[in-house]
1. Between a residue in the range 61-73 that is on the phi < 0 side of the Ramachandran plot and any residue that is surrounded by fewer than 18 Cβ atoms within 10 Å (Cβ to Cβ) and of a type outside the set (A, V, I, L, M), which pairs come within a Cβ distance under 9 Å, given they are 6 or more apart or on different chains?
2. So which residues in the range 14-44 are within 30 Å of residue 281 (Cα to Cα) and acidic (Asp, Glu), if there are any at all?
3. Quick one: in the range 6-42, which of the residues that are of a type in the set (S, T, N, Q) and either touching a Ser or Thr at 6+ places or on another chain (Cβ under 8 Å) or surrounded by fewer than 24 Cβ atoms within 10 Å (Cβ to Cβ) (or both) is nearest to residue 296 (Cα to Cα)?
4. Under 7 Å between Cβ atoms, which residue pairs at least 6 apart in sequence (or on different chains) link something in the range 160-176 that is over 13 Å from residue 232 (Cβ atoms) with a partner that is aromatic (Phe, Trp, Tyr) and assigned to a strand (DSSP E or B)?
5. All but one of (1) surrounded by fewer than 16 Cβ atoms within 10 Å (Cβ to Cβ); (2) within 21 Å of residue 275 (Cα to Cα) hold for residue 218; state the number of the condition that does not hold.
6. In this structure, is residue 296 modelled with pLDDT under 90 and assigned to a loop (DSSP other than H, G, I, E, B)?
7. For the range 103-123, give me each residue that is closer than 21 Å to residue 155 by Cα, out of contact with any strand residue (DSSP E or B) (no Cβ under 6 Å at 6 or more places or on another chain) and either in a helix (DSSP H, G or I) or of a type outside the set (Gly, Ala, Ser) (or both).
8. Which of (1) over 26 Å from residue 35 (Cα atoms); (2) under 18 Å from the mean Cα position of the chain (by Cα) does residue 236 not meet, given it meets every other one?
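The values are calculated or read from the model by the stated rules, or taken from the named source; none is laboratory data. These figures come from a predicted structure and were not determined experimentally. Neighbour counts are summed over all protein chains in view; Cβ atoms, including those assigned to glycine, are modelled from backbone coordinates with ideal geometry.
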Amino acid sequence: MSSRPRAVTVGEGLAVLVAQPGPLEDSPAFERGAGGAEANVATVLTQLGIETAWISRVGDDGFGRYLVRHLADRGVDISAVAVDSNRPTAVYVKERGNGSGVPGDMAAGASRMLYYRTGSAASALSPADLGTATGLLDGCELIHFTGITTALSESATALTETLIGRPRADRLISFDLNYRPALWDRREVNAADVLARHVRGSDVVFLGSDEAEAVFGTGDPDRLRALFPQPRHLVIKNDAHSVTGFLGAVRVEVPALELTVTERIGAGDAFAGGYLGALLQGRAHEQLLRFGHLCAAAALTGIGDVAELPPLALLESLAEAGPSDWAGLRYPAASAVIENVPS
């Protein structure tokens, strides 16, 4: 990259194999894609004009080379991605329903993921991986990672706790809960204790209300704020209809956009990327939440894990809409809203 990245994301990337609709055993072909929470956030940030680097480990295999190329092609700095000759790149298979009613099929539009990440290259992430990335970490304004990364292994937890404990000056630490019970079931630690430490040690935190309920015993935004007063930015994704954002003691709730869902995978990552990008651009509190919603809408109405965003100028116009225009907006039919935005 031509200049030092403003944001750094840290975590596992996965190659994605998307099956044809119908029972998995009947799929004659698979479409290749890329996924992984922190990698997804990185690609959203670069689309918003935020120079971003990704720190990870991939296997010395075709999937690893594909992931690195995928990120690089989208403007992400991959200089701190390590290649592991002993462990493979993680893969997941996306099974899609066809609504045929035959055994093994799901409803049309439904999907489920089968993960093959045990023993992956990224599961070996450790504090040592930060050594080669010191320049990136010391020079950036924001570091983002998720609960998926810290759940991968004991060494990965050591890495994320090292990130939280590093001197940060004005640098922000961003953490998305992204609770995955199957990953924690293989660990001999209390997930709630580890994840609570990460929430309390971060400056920007994203919580899904359902995940927070499972981990911390409540999904209520006000109770979560009382439980976690430390993060200056605490964002609770309540359900499909609204997000509650706390900035210090200020509480704002912003409704989601009306839309027709094509694919839900990656929407939470897109929301985080939109919020963080707007934060680094110095936007107002409600604008942060609106940018999150807009980027999530792009993921929900698109295909694949990676959100393909509209032009930044369009996002800015939509985010500046008046309250009634915003409430009536159906994504991506935006022309009427843009025309009503004051110049």
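1. Pairs found: 63/32; 66/32.
2. Answer for the range 14-44, where residues must be within 30 Å of residue 281 (Cα to Cα) and acidic (Asp, Glu): just 38.
3. Within the range 6-42, the match that is nearest to residue 296 (Cα to Cα) is 9.
4. As it stands, the answer is 160/145; 163/145; 176/206, since those pairs meet every condition given.
5. (2)
6. No: the conditions fail for residue 296.
7. 118, 123
8. Tallying (1) over 26 Å from residue 35 (Cα atoms); (2) under 18 Å from the mean Cα position of the chain (by Cα), residue 236 fails exactly one: (1).
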